[in-house]
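Since the structure comes first, as structure tokens, the remarks are kept for the end.
The values are calculated or read from the model by the stated rules, or taken from the named source; none is laboratory data. Predicted model, so just to flag it, every value in this text is computed and none were measured. Cβ atoms come from the backbone with ideal geometry, glycine included; neighbour counts cover every protein chain shown.
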Amino acid sequence: MPATPAPRTVVHRILADYRQMAARHHAALKEHCDVDGLIDGELDAYEETRRVAALEADEKLKTFIQLLTDAFGLPDDRPVTVLGANQVQFQVTPGQLDETARTAFTEGQCHALARAVAERTGWENVVLAHRECAYDYNQCGMDNFAADDLCICQLSHLAAVRPDDGYLVDADGAHDPQDIRAEERFDIVPMSPALWKLIDTHPTWRDADMPVARTMVAPLLDALSGQTTGVKTPKAAA
């Protein structure tokens, strides 16, 4: 396994990469201008060059932020923004599984936490799937809206499965699957690569905030170690 670059090396790499990109974008835009810096030619061509440059800069920014996160980690002394369902924004302090964090990771980022728990423990992931669509969704059944005979609108909530007792684990704790089945609203379906791809690519689901989710695994597992078996049904919200 390759050694992790030193944080200073990461920053210098980002600076060099950014400067190279910025110089290239500047030169490309100057090709549309005269010696006085005024646009000399088709405005549409100039705007297209700007659009392409902006798209590349956006992708670079995502890459830079990931590199910085890997090198330095997230702050644990201040909140960061986590995107939940319906574009709700939560201010979550990494590593602190408080009420705000529990809400964020049950109402919008349950898939991130389920995946992070699985990474750490090797536990399987499952999805609570509505037996019928949770809302009127006319495109159910189309190839890009369904996987494993489930429509995107049926996928409600993800959890990890604790192997010693089969309980479902999410940000709210551990839940007896028999209680969920007794409600007769959901089927508990093992996650497959096809279902993960559906969630990861469909616009109704948020991008999984894995950096923050990974910081919540240790406090969640610590809390579970002292939790009794009396548990509640998990919230039906992704």
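Does P211 count as at pLDDT 85 or above and loosely packed, with under 12 Cβ neighbours inside 10 Å?
On the way: at pLDDT 85 or above: yes; loosely packed, with under 12 Cβ neighbours inside 10 Å: no.
Judged against the criteria, P211 is not a match.
Just the residues that are within 15 Å of the chain's Cα centre (by Cα), of a type in the set (A, V, I, L, M) and either over 24 Å from L195 (Cβ atoms) or at pLDDT below 95 (or both), please, taken from region 89-118.
V92, A101
Across region 11-63, what is the number of residues that are part of a helix (DSSP H, G or I) and either assigned by TED's automatic domain parsing to the domain that holds A208 or in contact with a strand residue (DSSP E or B) (Cβ under 7 Å, 6 or more places away or on another chain) (or both)?
Filtering region 11-63 for residues part of a helix (DSSP H, G or I) gives 11-30, 43-63.
Now narrow it down to the ones that are either assigned by TED's automatic domain parsing to the domain that holds A208 or in contact with a strand residue (DSSP E or B) (Cβ under 7 Å, 6 or more places away or on another chain) (or both): 46.
So the answer is 1.
Looking at (1) surrounded by fewer than 20 Cβ atoms within 10 Å (Cβ to Cβ); (2) at pLDDT 95 or above; (3) of a type in the set (K, R), find the lone condition where R131 falls short.
Condition not satisfied by R131: (2).
Among what's in region 152-177 and is over 20 Å from F90 (Cβ atoms) and small (G, A, S), pick the residue that is surrounded by the most Cβ atoms within 10 Å (Cβ to Cβ).
The extreme case among them is A160.
Examine region 101-112 for a residue that is in contact with a Gly (Cβ under 9 Å, 6 or more places away or on another chain), more than 16 Å from R206 (Cα to Cα) and not in a helix (DSSP H, G or I), and state whether such a residue exists.
no
So, in region 178-205, of the ones that are buried (at least 20 other Cβ atoms within 10 Å of the Cβ) and farther than 14 Å from A146 by Cβ, which residue ends up modelled with the highest pLDDT? Even if it seems obvious, please write down each step before you answer.
Filtering region 178-205 for residues buried (at least 20 other Cβ atoms within 10 Å of the Cβ) gives 180, 186, 191, 195, 198-199.
The next check asks that each one be farther than 14 Å from A146 by Cβ; those that pass are 180, 186, 191.
Values: I180: 93, F186: 93, M191: 97.
Ranking the candidates gives M191 first.
With respect to E99, is the statement that it is more than 20 Å from T4 (Cβ to Cβ), of a type in the set (D, E, K, R) and surrounded by 13 or more Cβ atoms within 10 Å (Cβ to Cβ) true? Walk me through how you get there before you give the answer.
Details: more than 20 Å from T4 (Cβ to Cβ): yes; of a type in the set (D, E, K, R): yes; surrounded by 13 or more Cβ atoms within 10 Å (Cβ to Cβ): no.
So E99 does not fit the description; no.
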